[in-house]
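To start, the structure itself, in C-alpha cells.
Taken together, the values in this text are just the output of simple stated rules run on the coordinates, not laboratory data. Treat the numbers as computed from the prediction; the structure is a model and nothing was measured.
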Amino acid sequence: MRIFLAEDNEDNYLVVKSNLRKLQIPVELIWAKDGAIGIEMLSHEDNIDIFLVDIEMPKVDGVELTKWIRSQERFADVPVVAVTASVFAEMKKMYLEKGFDHILEKPFARNEFIEMLKSILRIS
C-alpha cells in the first residue's frame, strides 16, 4: 500500500508513520513537507492508494494541493483525507466541496486513524 502524506510538521509526520505500523500490512509512506513539494513529487508518482493532506501548509496549502490532485486523471478515484485542526461545521462542508473525501481531526487517536484507513481502503 502506498500512502502520500503532505504535512509540514515533522512531529505530525512521525505520528502518522508510527501509527501506520499498527496496520500490520506493508505500507510505503511518501512524505511531502509542503504542497509545492507535493505537486513536484506527484508529477513523477503513480499508484497512490490514499492521500493524507494537511490543510495549513506554506507555499501551497492543502486545498490547492487537493485541487491539483483532482485535476490529475490518474488520481481521480484515489481518496483524499483532510487532516486538520479546523473542523467547524462550515469548514468541513467546504473541505468536502473542495474535493476531499474524508476529514480527520487533529489531534487524532491512533485507533481512530487506523479505523479510518481500514474503512476507506477496505482492509480487514
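Here are a few things to note about the model shown:
- Distances between placed amide hydrogens fall under 5 Å for V83 paired with V53, D54, I55, L104, all partners being 5 or more residues away or on another chain.
- Rounded to the nearest Hz, the phi-derived 3J(HN,Hα) couplings of the stretch 39-49 under the Karplus curve 6.51 cos²θ - 1.76 cosθ + 1.60 (θ = phi - 60°) are 4, 4, 5, 6, 5, 10, 10, 9, 6, 8, 8, where x marks glycine and proline.
- A full extension of the chain between L29 and L121 corresponds to an added length of 31.6 nm, given 0.36 nm per residue minus the alpha carbon distance.
- Highest-fluctuation residue, F113, F51, F100 considered, GNM on the chain with Cα pairs under 10 Å: F113
- Using only Cα coordinates, the Kirkwood hydrodynamic radius of the chain works out to 14.4 Å.
- Once backbone amide H atoms are built at 1.01 Å from N, L5 has I30, W31, A32, L52 as its partners under 5 Å, excluding neighbours fewer than 5 places away on the same chain.
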